[in-house]
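**Student:** One structure is given below, represented as structure tokens, and several questions about it will come after.
The values are calculated or read from the model by the stated rules, or taken from the named source; none is laboratory data. Just so we're clear, the structure is a prediction, and the values are computed from it rather than from any experiment. Don't worry about glycine lacking a Cβ; one is built from the backbone with ideal geometry, like all the others, and counts go over all protein chains shown. Quick note on the areas: whole protein, heavy atoms, side chains included, nothing else; ligands and nucleic acids left out. Shrake-Rupley method; radii C 1.70, N 1.55, O 1.52, S 1.80 Å.
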Amino acid sequence: MKYLYLSIVALFLLNSCKTSQVASVAEAPKKMMPDHADIIHKEVTQRGIKSHIQFLASDALRGRNTGSEGLEAAAAYIAANFDAAGVGEVNNTHFQSIPFVTFTPPAEASLSIGDIDLTFRDDFIAINGKAADFSAPSVDIGYGNPSDIEGKDLNKKIAVSIAGDGVSKNPRDWVAASRDKRKRAQAAGASALVEIYQSTALPWSFLRRIGTRPQTTFDEGMEQNDLVNIWVGTTDSLTIATLQEGKQPLTIKMDEVARDRFTSDNVMGLIEGTDPALKDEYIVYTAHYDHVGIQTPDETGDDIYNGARDNAVGVTAVLSLANYFAAHPPKRSAMFVLFTAEEKGLLGSKYFTEHLPVPANQIKYNFNIDNGGYNDTSIISVIGLTRTEAELDIQKACNKIGLTAIEDPAKEQGLFDRSDNVNFAVLGIPAPTFSLGFRAFDEEIFKYYHRPGDQVETLDMDYIEKYVKAYILSSIHIDGRQEAPFWLEGDKYYDSGVKLYGKK
Ligand SMILES: [Zn+2]
């Protein structure tokens, strides 16, 4: 109530200023463009920013794990804030519901061929399947692409394949390749799929950890999730050769696995553009709102991973922008999307970009937010700052708020391709990520990155306030351009962009 009262007073004051302006003949002609920085400073308050973060990163939301009640509460909160601000729905809803399944690997499993016994987790993991105890001959299917499988008799046999599709070197893509391969193997009547994992990009020790944890993926129906799928990580060449030869049957044993099916939502909002010529163009403002839930306690015994930096701050910035645009509408249509399941492998944004509510070529830009943490409160780190034509727009906005924008300082981390923006980029849509200021991925970052201490009490709120304001002003600058900013020539995604928008 107090808040409303203050707004009424502010409105009254604003009105009386206008009246006196009109009355004064000596007054200079009114400026056409409102000074958005001024308005932002008046309307966007630290108290408002902090209250969003406080709720989203509260212990009550239990770390916002995908599929948890805590994340559902966060979704309801975001939608309620859209409604309160007058931000519209997308196709009559704020929610894009996504079917998920969480696969909990077996407690024990064994795999043997001839007199070679592989050790569960050290040598192999189960990434899919059901309780099993059988022996069957194996058939080498190369990479398991359609042409590799054609003409091979896989009926009641174990398909042995190399992990990946033979094209992408990125093990993250291999998981998706695995899904497709599973479908093909199953359609051909195979009783299991065994993939040989060979990559130095993502060491086996990492895969081994994954193999012991529940894994969340898209739910594509029971039959798709049933086939036993094993990844073998041994480097022993005799074992690998024996597996590929197919001269001896393989024996697979696997304990019962658990499968939990559920839905989780992307939360969406829309404000129509005011420029008749540009309102069919969309800029999509995004941040993921999920985090990693409850995990191993830290030294204080705290086991709730609150995710204030990652990414309650980002959600707050997008909500604050939506709120601002509701009062001061943009030229282009503004869509706001808060993604679920980013921490499960960018799944929410993957689903969104595969089920877009408007044609992809009408989405001219994606201005994403994701955060690991910060170690320099004088800067904003924009992952992809120098890769699109918006560099100057963002830089000027940050300067106006008293900050400097810098390009990704930790290229070795591959951050551009590790957040939700990449799912837009692969379609050709220019998509940088606006992050809290960091100069390197150092101790200061790791102190809070995916740790229970990433909570609101450890935030420098003066800096967070500037960060949010800089995001709003940058968005206004980007929206204000005559032509939406495109990729710079030579960028890895430039050609996809040319194709998407039919540029010359
Ligand atoms: Zn994040």
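**Student:** Whether any residue in segment 456-476 is open to solvent by 10 Å² or more (accessible area, probe 1.4 Å), of a type in the set (S, T, Y) and either outside the structural domain of A60 (by TED's automatic domain parsing) or more than 15 Å from V382 (Cβ to Cβ) (or both) is what I want to check.
**Tutor:** yes
**Student:** What tally of residues in segment 276-293 results from selecting those that are among the aromatic types (F, W, Y) and farther than 12 Å from A484 by Cβ?
**Tutor:** Residues that pass the stated criteria total 2.
**Student:** I would also like to ask the following. Looking at D275, D280, which one is away from the ligand (no atom under 16 Å from the Cβ), open to solvent by less than 50 Å² (accessible area, probe 1.4 Å) and part of a loop (DSSP other than H, G, I, E, B)?
**Tutor:** Just one listed residue meets the conditions, D275.
**Student:** All but one of (1) in contact (Cβ under 8 Å) with a residue 40 or more places away in the chain; (2) of a type in the set (K, R); (3) surrounded by fewer than 17 Cβ atoms within 10 Å (Cβ to Cβ) hold for K344, so report the exception by its number.
**Tutor:** Exception for K344: condition (3).
**Student:** Ok, one more. Looking only at segment 283-315, count how many residues are at positive phi and within 11 Å of the ligand (Cβ to nearest atom).
**Tutor:** The total comes to 1.
Results for (1) at pLDDT below 95; (2) within 27 Å of S474 (Cα to Cα); (3) assigned by TED's automatic domain parsing to the domain that holds T296, shown as yes or no for each residue.
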{"position": "S24", "(1), (2), (3)": "yes, no, no"}
{"position": "I39", "(1), (2), (3)": "no, yes, yes"}
{"position": "R47", "(1), (2), (3)": "no, yes, yes"}
{"position": "K50", "(1), (2), (3)": "no, yes, yes"}
{"position": "N65", "(1), (2), (3)": "no, no, yes"}
{"position": "G70", "(1), (2), (3)": "no, no, yes"}
{"position": "E89", "(1), (2), (3)": "no, yes, yes"}
{"position": "H94", "(1), (2), (3)": "no, yes, yes"}
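**Student:** Would you tally the residues in segment 78-98 being touching a strand residue (DSSP E or B) at 6+ places or on another chain (Cβ under 8 Å) and open to solvent by less than 50 Å² (accessible area, probe 1.4 Å)?
**Tutor:** 10
**Student:** A further question on this structure: Would it be correct to say that N128 is polar (S, T, N, Q), touching a residue at least 24 places away in the same chain (Cβ under 8 Å), open to solvent by 60 Å² or more (accessible area, probe 1.4 Å) and under 19 Å from S191 (Cβ atoms)?
**Tutor:** No: the conditions fail for N128.
**Student:** Let me ask something else about it. Having 2 or more residues that are at pLDDT 95 or above, more than 16 Å from the ligand (Cβ to nearest atom) and touching a Lys or Arg at 6+ places or on another chain (Cβ under 8 Å) is the bar; report the helices (runs of 4 or more DSSP H) wholly within segment 353-461 that clear it.
**Tutor:** 391-401
**Student:** Still on this structure: Just checking: which of the strands (runs of 3 or more DSSP E) contained wholly in segment 188-265 hold 1 or more residues that are open to solvent by 40 Å² or more (accessible area, probe 1.4 Å) and at pLDDT 95 or above?
**Tutor:** 250-254
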